[in-house]
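This report concerns only the one structure given below.
Every number here is computed from the coordinates shown, using simple stated rules; none is lab data. This one's a predicted model, so the numbers in the text were calculated from it and none came from an experiment. All Cβ positions, even for glycine, are placed from backbone atoms using ideal geometry, and neighbour counts span all protein chains on display.
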Amino acid sequence: MAYSDKLLDHFKHPKNVGTLDKAKKNVGTGLVGAPECGDVMRLQIEIDEESGIIKDAKFKTFGCGSAIASSSLATEWLKGKTINEAASIDNMDIVEELELPPVKIHCSVLAEDAIKSAIKDYQEKNAK
Amino acid sequence: MKNNQLIYLDNSATTPCDPRVVEAMVPYFSQHFGNAASRNHSFGWAAEGAVDKARKQIADLIGADPREIIFTSGATEADNLAIKGVAEMYKRKGNHIITAETEHKAVLDTCKALEKEGYEVTYLKVSRQGLVDLAELEAAIKPTTILVSLMFANNEIGVVQPMKAISDICVKHEVLFMSDATQAVGKLPINVRELGIHLMAFSAHKMYGPKGVGVLYVSRKSPRVKVTAQMDGGGHERGMRSGTLNVPGIVGFGKAAELCQQEMEAEATRLSKLRDKLETELMKVEEVVFNGHPEFRMPHLTNLSFKHVEGEGLMMTFNENIALSSGSACTSASLEPSYVLKALGLGDDLAHSSLRMSLGRFTTEEEVDFAIKAIRDGVNHMRSLSPIWEMYQEGIDLDAVEWSEH
């Protein structure tokens, strides 16, 4: 299976690998997938509380090349977005950007799930 | 080692054709192109003579009579012919077949096809190391059992089943014993008479011969076995397999068999040493699980699971330089992780994390050294990206985590 150059670049030089302090109130963490399924994604966002903008995003992913590239791309896209903008990221945007083959579309779905789950975690933490 | 060099550690998938094999084949394309079934002119005689020679070379390798060698298009066809052919030929005796969960798809799917036609199939479980339980095998035999089909060596983990002991049980109960020996022929000393194997399938391309040619060995005496042909036509190969013989392929197969016979012992010694080095060095990495049997195994293969790393992703870190296989779902057409590893009792997570490395005649120590480093680096890199590796290091019990399965 030949992957696109963009995908390979994200795989070889993943952006924003790391861990944010999940105890912090302005950090939302999404952990999706399962080891039995062959992919687990953890995506974290840190929100600037004054502007409501995502100022940092980090990921760690256990999975195939497409899963790693999808999460790396997602973190890049998240930075600088508002929560509402972030929530509108669609998995098909990732599919198109990375030219994912059909058997790898689930990797992009997982990335979208991870974004939504991180947002939900942030919102629950900050619910008044 | 040059950066653009490709290292092939996937010899259980296929082997390169030995140049000496290619050399033997070349005259049989344009010069001696005759049909081996043309009985009345010299073109046919030349082809027939070449096929006879190859038949003997192959028979000698496995301790058979040349008349017991049936040429096919490959091991898959030979497996089909053996199992379906026996099922049809002996259906008045019974309709029960015994095989194992870790067999190749060519055997398993053939058995499944027979189940649809009303045959009954028992799929034996295997131990954590991949061996069938002989007592379980014997207990599974019934008056209606006509065939036991168990592979010689497994393609994913290289475990070697106790052929003689299996045969003794089959003979005691007057059941035919067939073995898919694709991974073993040419690499282990095999004598079908001494081992008591009644039918045996194997193929040229796993032993440095060409693709597209295989053999079914069918015992001619004690017992005299017959299989019903699965293809209609000119009645070639004693009526068991019609179709014009692939003369260049067969000549190559013969040459490959001869070379294996000459070089097997030295090659096995050399490869097991290299394999042990590869395995020992990779086992030094933290949290690695060995898959297979430490003793009853092929000399050229190792299968390891690198915990908390997914196999396809891991392979992508070095697949510009190294070719090997993974039991990860992402590398299979079915999107399911390896059923062989699962049959050993491995969880899906460990199956996803497995690599199979299989060395061959042309593997050098320099290549193994390069691979050790590249695989280690790959594992470290992938672990630095892996959230479950981080969780494991923090002492979190991964089994207790509630994962969102998808």
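The mean sequence distance of close C-alpha pairs (under 8 Å, at least 6 residues apart), as a share of the length of region A:38-128, puts its relative contact order at 28 percent.
Rounded to the nearest 20 debye, the dipole magnitude of chain B is 2040 debye, with +1 charges on Lys and Arg beta carbons, -1 on Asp and Glu beta carbons, and the Cα centre as origin.
Applying a DSSP loop filter and a limit of 13 other Cβ atoms within 10 Å to the chymotrypsin sites (Phe, Trp or Tyr not before Pro) in region B:28-77 leaves B:33.
Remark: mean inter-chain Cβ contacts per residue of B:344-354 equal 3, using a 10 Å Cβ-Cβ cutoff to other protein chain atoms.
Applying 1/(1 + (r/R0)^6) with r as the Cβ-Cβ distance of residue B:238 and residue B:296 and R0 = 41 angstrom yields a FRET efficiency of 0.75.
When only Cα pairs under 8 Å and 6 or more residues apart are kept, what is the percent relative contact order across chain B? Relative contact order comes out at 22 percent. Pairs of lysine in region A:18-128 with Cα under 13 Å and at least 8 positions apart or on different chains: total? Eligible lysine pairs with Cα atoms under 13 Å apart amount to 9.
Placing pseudo-labels 7 Å out from each Cα toward the beta carbon at residue B:128 and residue B:221 gives an inter-label distance of 4.8 nm. Scoring B:357-368, B:96-107 by mean Cβ neighbours within 10 Å over their residues and listing the highest first yields B:96-107, B:357-368.
With the helix formula -39500 (n - 2.57) applied to DSSP H stretches of n ≥ 4, chain B reaches a computed 222 nm mean residue ellipticity of -12000 deg cm²/dmol.
The charge dipole of region B:13-133, taken about the Cα centre with unit charges on the Cβ atoms of Lys, Arg (+1) and Asp, Glu (-1), comes to about 200 debye, rounded to the nearest 20.
Kirkwood's formula applied to the C-alpha pairs of region B:74-119 gives a hydrodynamic radius of 10.7 angstrom. Tell me the net charge near residue B:106. Cut-off is 10 Å between Cβ atoms, residue B:106 excluded, with +1 for each Lys or Arg and -1 for each Asp or Glu. With Lys, Arg at +1 and Asp, Glu at -1, the net is -4. For the pair residue B:366 and residue B:231, a Förster radius of 35 Å applied to the C-beta separation gives a FRET efficiency near 0.15, rounded to the nearest 0.05. In straight-distance terms, cross-link reach from residue B:211 covers every one of the aspartates and glutamates whose alpha-carbon lies under 20 Å from its own, apart from those fewer than eight places away in the same chain; here that gives B:10, B:18, B:23, B:52, B:77, B:79, B:156, B:180, B:237, B:258.
For the segment B:311-318, counting C-beta atoms of other chains within 10 Å of every residue's C-beta and taking the mean gives 5.
Between residue B:191 and residue B:92, the simple spin-label model (points 7 angstrom out along Cα→Cβ) gives 3.6 nm. Just to be sure I understand the model, the point goes 7 Å from the Cα along the line to the Cβ. What's the resulting residue A:109 to residue A:82 distance in nm? Each label point lies 7 Å from its Cα, and together they span 3.1 nm. Candidate cross-link partners of residue B:91 among the lysines, defined by an alpha-carbon separation under 30 Å and a same-chain spacing of 8 or more, comprise B:105, B:112, B:116, B:125, B:142, B:164, B:172, B:221, B:226. This model, with +1 at the C-beta of Lys and Arg and -1 at the C-beta of Asp and Glu, gives region B:258-406 a dipole about its Cα centre of some 360 debye. Grouping the Cα pair distances of region A:26-126 into 10 Å bins from zero gives a pair-distance distribution of 18, 52, 25, 4, 0 percent in increasing distance order. Taking every DSSP helix (H) stretch of at least 4 residues in chain A, weighting each as -39,500 (n - 2.57) and dividing the sum by the residue count yields a mean residue ellipticity at 222 nm of -13500 deg cm²/dmol. Taking every residue in B:383-392 and counting other chain Cβ atoms within 10 Å of its Cβ, the average works out to 6.
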